[in-house]
1. In Å², what does the accessible area per residue of the range B:86-152 work out to with a 1.4 Å probe?
2. Which of B:K5/B:K212; A:K44/B:K11; B:K73/B:K108 have a Cα-Cα distance over 20 Å?
3. For the protein assembly as shown, give me the percentage of DSSP beta bridges that are antiparallel, rounded to the nearest 5 percent.
4. Rounded to the nearest 20 debye, what is the charge dipole size of chain A about its Cα centre when +1 sits on each Lys and Arg Cβ and -1 on each Asp and Glu Cβ?
5. Using only helices, what value at 222 nm comes out for the protein assembly as shown when you add -39,500 (n - 2.57) per DSSP H run of length 4 or more and divide by the total residues, to the nearest 500 deg cm²/dmol?
6. Please give the residues from the range A:105-122 for which the solvent-accessible area of heavy atoms, probe 1.4 Å, is smaller by at least 30 Å² with all protein chains in place than with the chain isolated.
7. What is the mean number of Cβ atoms from other protein chains located within 10 Å of the Cβ atom of each residue in peptide B:153-160, rounded to a whole number?
8. Hey, what angle do you get for helix A:168-179 against the long axis of chain A, alpha-carbon based, 0 to 90 degrees rounded to 10?
Amino acid sequence: MFDYIINVSGYILEGSIVTFQLYFVTAIFSVIVGIAGALGKISKIPLLESILSLYTWVFRGTPLLLQLFFAYYGLPVLGITLQPFPAAALTFIINYGAYFTEIFRGGIESIDEGQYEAAKVLGMNYRQTMSRIIIPQTVKRVLPATSNEAINLVKDSALVAVIGLGDLLRAAKVAVTRDFSIIPFIIAAVFYLVISSVIVTAFRKLEEKYSVYE
Amino acid sequence: MEMIKAKNIYKSFGELEVLSGVSFNVNQGEAISIIGPSGSGKSTLLRSLIGLEEINSGELYIEGISIKESGKKAYEKMGMVFQGFNLFPHKTVLENLIEAPVVVKGEKKAEAQAKAEELLKKVGLSDKVDSYPAQLSGGQKQRVAIARALAMEPDIMLFDEPTSSLDPELVGEVLTVIRDLAEENITMLIVTHEMGFARDVSDRVFFMDHGKIISDTVPEKIFVNPESERIKSFLTKILSQTNSSH
């Protein structure tokens, strides 16, 4: 029994490599997309605002699973064929980028107008004001919402199993079918819980760090 | 030397005309108080001087340089203190002071820091260097804000109701700092409701009403012998309020 658990855990751990890869690629690039999207949304350039509103409306308003199917099974119809991992990564980055765009936009807009005015009368330009005054304060305010998304991403990553990507969940599913045992699912659940807990703890530490002021 | 020259300044917010042809001069070293009822355009005037509001028409010269021609440059000669302090909450008191000198002026950090410590001593907050704004009282915050503006070594200081959001017992400490500055002959414009302060400290008082400066005179004149009924009734009203609230 114990040996079996060790064996299956090793197998599922291999599958989790894909999960981790997808997680970090998505986390890094969707945050970048989110910052750019948020700055675009507050830019007061009407065309840019409209495009970004359409973007967040579509990607937050349709299922991630549909978007994944679209990228993997739909795009080939248009002559664009992606391998499973790029298809998954692209879908996740664009989807999470839409959520981060709205979260960061809300965060930036919650900063008092007086902060911009103070920066302006001190001679700071737009770039200095955003990077040194507004965004650092925004980070603190968006941490809780970002933390939620970071945990959602752990769980959403399991969706890639449906396009045949060998992730953590798929490895567990394969083991369940092969061994006719429920244990692989339990092990997978434990893995997900551990990952989520690490993320929650990391964000709690970050929030503590930022609580020195206010 | 003429520090500020304003000619026929107009400013509207949509339909609402807030400044309706304001003209005045301010000389080097003068302390000017701007008084008048709320909505008379006092704050808008101050904010227009430093470019927080764009004027619709009129001419504005800072130290002889036209705002239109110089763009941002003329504003760099001014510092501003807000009613709501607007300190950077994520930075310590010291960081608030050295931020602009280092980032905007390119001063060396050590230099900016030495200067900042000097300024904090001047406003009586040497022990608060490493505090965050949230740990300070309103009066302390405003003194930090004054020091922060001074750290950029402006020729002209603008104060927009610097004591209006303070508890009454904290007003004095801020006014003392501003009074000291006036004695150092820094050119300053102060929008204020503190009539006693305006009378004691300023070289001239502007009385604004409906977007115009309707009186530009020495404090003795405006407070002792106001020229118009409008000013008289305003002063009577505000002085009775002040007396009843103390």
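The values are calculated or read from the model by the stated rules, or taken from the named source; none is laboratory data. The model shown is predicted, which means the values in this text are computed figures rather than measured ones. Cβ coordinates were reconstructed from backbone atoms using ideal geometry, including for glycine residues, and neighbour counts include every protein chain displayed. Calculation scope for accessible area: heavy atoms of the full protein, side chains included, ligands and nucleic acids excluded. Shrake-Rupley method; radii C 1.70, N 1.55, O 1.52, S 1.80 Å.
1. Working: 2590 Å² over 67 residues.
I get 39 Å² per residue for this part.
2. Numbers: B:K5/B:K212 15 Å; A:K44/B:K11 22 Å; B:K73/B:K108 22 Å.
Too far apart for the 20 Å limit: A:K44/B:K11; B:K73/B:K108.
3. On the way: 21 of 38 bridges.
Counting DSSP beta bridges with both partners in the protein assembly as shown, the antiparallel share is about 55 percent.
4. On the way: 16 positive and 15 negative charges, 50 e Å.
Result for chain A is approximately 240 debye, rounded to the nearest 20.
5. Numbers: 17 runs with 255 residues, N = 460.
Result for the protein assembly as shown, helices only: -18000 deg cm²/dmol.
6. Buried by 30 Å² or more upon assembly, which counts only protein chains, are A:Q115, A:E117, A:A118, A:K120, A:V121, A:L122.
7. Values: counts 0, 3, 0, 0, 0, 1, 0, 1.
Mean inter-chain Cβ contacts per residue within 10 Å come to 1.
8. Roughly 10 degrees, rounded to the nearest 10.
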